[in-house]
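Structure first, commentary second.
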6 protein chains.
Amino acid sequence: MATIRLLTVEEADGIPEARAVLDDIRAVRQSSFINNFWLALANNPPLLARIWGDVKQIMTAPGALDPLTREMIYIAVSTANNCAYCVHSHTAAARAKGMSDAQHGELLAIIGLASQTNALANGMQIPVDAAFQA
Amino acid sequence: MATIRLLTVEEADGIPEARAVLDDIRAVRQSSFINNFWLALANNPPLLARIWGDVKQIMTAPGALDPLTREMIYIAVSTANNCAYCVHSHTAAARAKGMSDAQHGELLAIIGLASQTNALANGMQIPVDAAFQA
Amino acid sequence: MATIRLLTVEEADGIPEARAVLDDIRAVRQSSFINNFWLALANNPPLLARIWGDVKQIMTAPGALDPLTREMIYIAVSTANNCAYCVHSHTAAARAKGMSDAQHGELLAIIGLASQTNALANGMQIPVDAAFQA
Amino acid sequence: MATIRLLTVEEADGIPEARAVLDDIRAVRQSSFINNFWLALANNPPLLARIWGDVKQIMTAPGALDPLTREMIYIAVSTANNCAYCVHSHTAAARAKGMSDAQHGELLAIIGLASQTNALANGMQIPVDAAFQA
Amino acid sequence: MATIRLLTVEEADGIPEARAVLDDIRAVRQSSFINNFWLALANNPPLLARIWGDVKQIMTAPGALDPLTREMIYIAVSTANNCAYCVHSHTAAARAKGMSDAQHGELLAIIGLASQTNALANGMQIPVDAAFQA
Amino acid sequence: MATIRLLTVEEADGIPEARAVLDDIRAVRQSSFINNFWLALANNPPLLARIWGDVKQIMTAPGALDPLTREMIYIAVSTANNCAYCVHSHTAAARAKGMSDAQHGELLAIIGLASQTNALANGMQIPVDAAFQA
């Protein structure tokens, strides 16, 4: 169903440059599970290495935002961009990091509200207030 | 520049149903400033009342997410939907609620990363893993 | 400001293949005004001719939908796709075809509502009911 | 397959605040069928109540636009936002309200045309004519 | 699963105006295979004829861009617009026109990169440099 | 007008980690001009370094796609995502790499066509042919 062949875990692990990345994914996540996104990228080891490097740094390195907040922002973007795969995988990640039903419900409500006001502001073509451009 | 006439504050305050909403906006925000979005909606008082009611409840009522997290999620959606007005106004709101430069930088990095992986997942048409559908 | 040079009306009228299209636009609209979109396309007369031909047929030929309904659908798509130029020009067109303030207000409300439920359905990844696939 | 658990109709009806909303949906639609969107929202009764309240008012209250026109605008937005669930459910709703094959064909043609000119206007970055900003 | 009935090849060939278009598709592509997109459009022969005419001219007529480059641009747009059907069908078309795994990988990398910088530029609301507006 | 302060070139060059990246941009492009995107990112040197590293590798390293084709794909994505800044800057880059008026016209035509068929395929919810999923 993918437009590139999904490698099996065995095939991906058989490519040395891919294996190194997959092992790092397993180590960081403390899990042996490799989801389809990485098995698709394993067709192109340099791309796999670059994307995982970005994900690892941005989503897991110490910083000013806690891990769950990062996942909820990721879900918000993925929903607005309508990436079904990403909505599924990052909702699972957020739940694994402790997102409660109440937090999920509020996240969905904000995503819906923002989408509504985005459409209204665009439909009315509201000029940006000078106060916001200072 | 808007596709509907922006009312002046005086005009909007002269419409009783609009005045009541604008006064509530001033009270909740503890500020006399009314931004253009509301002055445009004031052409249609029932729509103004409904949207402000949603914003007030979802963005300011006590809940499971803190106010700054809610604003960052709003910015994320508005950026993905490319609503310039909304990005400006909610970035200002987030700063007013204490968003630091470091938090803003991380927010931008996550928005950029998610947009990239959204595009890759959609471009490869990755099927959702059974593990995410349980 | 455009990424291709906007021709002046005189320049565009000086290109025979473009002139024929511009004259048809003037005739169909019963107006001498040529808006920027056509002056940009006039750099490429075959593209100008094809796009105008589509617009003329789809938006003005007799059919099952009345002209104002067609313009409101056009505004809805342009808002969702966030094309500022298109929102402006088709809101002007809809007003010229009689769109009232009340109709505009309801149009905006539907666009906002649909954007909200679109986001909720995508965020929750709701499967399509069998009843809708019959 | 949803990212939140779809309740069964029995489960949803077992939640008093949800039951009241579902019964109103049944009454307004004069049908016992409850589609998945509402069964997903039933996990969060206040969100269910708010969204249904908006849909009921905007899509069914007397107003300046007839019910079928409202559904076609909804389909246009849902298509541009690429919400598969929403395209399916609102196409079904439009058919139930009498949309003919000819009307559906014209709706699709306008959605396609607008998407094309949206892309051309954005690709050429056409400045908005002064005439449209008056 | 479609919102309009997919005709069978036999049904579509039974409609004279549709048959003429389908035969031209077969001739241009030198293949007897008719994909679902055309079988859906065959419900509306004038729309079928217009869209195929556009595709034939833009994608296959001699021009300044080679056929594979055209398909890769098509995939890029379809991915950004998240049209699953279009990503699948045009990836197949690009492969049929010789797209190598290396070219596909670079195409995906550019689509991902552009999506990321699009989001960053929109999130920071960067003003266009005067140098780019000359 | 940006949501983060655009640094002046002097300010950006005064930050050692930013200076190193800006000097590499100047060297690779063989130009002293630094456009606003990089001056905005210079507020966050690690993000500046990462994004420039990606752009440099993906857009300029030897590969299977020539530099102009890469820029046209970038424009296509940026147009579909409606990033005005990106459309302007990458159209300028494509012109600097030799894009002719004819190539630009064909690029625009493909972007418009794809946007139209994307909308039609999504509006009709066409199922992917088995032949494309092999």
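The values are calculated or read from the model by the stated rules, or taken from the named source; none is laboratory data. Not measured: the values here are computed from a predicted model. Positions of Cβ are generated from backbone atoms using ideal geometry, with glycine treated the same way; all protein chains shown enter the neighbour counts.
The residues of region D:100-134 that are outside any helix (DSSP H, G or I), more than 21 Å from C:THR3 (Cα to Cα) and modelled with pLDDT of 95 or more amount to a single one, D:SER100.
Residues of region F:118-127 include at least one that is surrounded by fewer than 17 Cβ atoms within 10 Å (Cβ to Cβ) and free of Cβ contacts under 8 Å to residues at least 12 places away in the same chain.
One residue alone among C:ALA130, C:ALA93, C:ALA102 is outside the structural domain of C:ASN36 (by TED's automatic domain parsing), within 12 Å of the chain's Cα centre (by Cα), surrounded by fewer than 23 Cβ atoms within 10 Å (Cβ to Cβ) and not hydroxyl-bearing (Ser, Thr, Tyr), and that residue is C:ALA93.
Of all residues in region D:102-113, none satisfies the criterion of being out of contact with any helix residue (DSSP H, G or I) (no Cβ under 9 Å at 6 or more places or on another chain) and more than 7 Å from chain C (Cβ to nearest Cβ).
When region C:61-84 is filtered for residues that are in contact (Cβ under 8 Å) with a residue 12 or more places away in the chain and either buried (at least 23 other Cβ atoms within 10 Å of the Cβ) or among the charged types (D, E, K, R) (or both), the ones remaining, listed by number, are C:ARG70, C:GLU71, C:MET72, C:TYR74, C:ILE75, C:ALA76, C:SER78, C:THR79, C:ALA80. Condition (residue is among the aliphatic types (A, V, I, L, M) and over 17 Å from the mean Cα position of the chain (by Cα)) applied to region B:54-67: is it met by at least one residue? The answer is yes, given that some residue of region B:54-67 is among the aliphatic types (A, V, I, L, M) and over 17 Å from the mean Cα position of the chain (by Cα).
Results for (1) out of contact with any strand residue (DSSP E or B) (no Cβ under 6 Å at 6 or more places or on another chain); (2) within 7 Å of chain E (Cβ to nearest Cβ); (3) under 25 Å from E:LEU120 (Cβ atoms), shown as yes or no for each residue.
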residue: F:ILE73; (1), (2), (3): yes, yes, yes
residue: F:VAL77; (1), (2), (3): yes, yes, yes
residue: F:THR91; (1), (2), (3): yes, no, yes
residue: F:LYS97; (1), (2), (3): yes, no, yes
residue: F:SER100; (1), (2), (3): yes, yes, no
residue: F:SER115; (1), (2), (3): yes, yes, yes
residue: F:ASP129; (1), (2), (3): yes, yes, no
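Could you tell me whether region E:25-39 includes any residue that is among the basic types (Lys, Arg), closer than 30 Å to A:ALA42 by Cβ and either surrounded by fewer than 24 Cβ atoms within 10 Å (Cβ to Cβ) or out of contact with any helix residue (DSSP H, G or I) (no Cβ under 7 Å at 6 or more places or on another chain) (or both)? Within region E:25-39, not a single residue is among the basic types (Lys, Arg), closer than 30 Å to A:ALA42 by Cβ and either surrounded by fewer than 24 Cβ atoms within 10 Å (Cβ to Cβ) or out of contact with any helix residue (DSSP H, G or I) (no Cβ under 7 Å at 6 or more places or on another chain) (or both).
In region D:6-24, the residues that are in the same structural domain as D:ILE51 (by TED's automatic domain parsing) reach residues that are among the aromatic types (Phe, Trp, Tyr) with C-beta atoms within less than 6 angstrom, at least six apart or across chains, in these pairs: D:VAL21/D:TRP52. Every listed requirement among (1) buried (at least 24 other Cβ atoms within 10 Å of the Cβ); (2) at the interface with chain F (Cβ under 9 Å from one of its Cβ atoms) is met by E:ILE58 save one, (1). For region A:35-52, a residue qualifies if it is away from chain E (no Cβ under 14 Å) and over 15 Å from the mean Cα position of the chain (by Cα), and exactly one does: A:LEU39. Checked against (1) over 15 Å from the mean Cα position of the chain (by Cα); (2) within 9 Å of chain A (Cβ to nearest Cβ); (3) at positive phi, B:GLN30 passes all but condition (2).
Taken over region F:23-41, the residue count meeting the criterion of being among the aliphatic types (A, V, I, L, M) and touching a Leu at 6+ places or on another chain (Cβ under 8 Å) is 4. For region B:46-63, the criterion of a residue being touching a His at 6+ places or on another chain (Cβ under 8 Å) and not aliphatic (A, V, I, L, M) is satisfied by no position. Summed over region D:1-22, residues that are assigned to a loop (DSSP other than H, G, I, E, B) and more than 14 Å from every other protein chain (Cβ to nearest Cβ) total 1.
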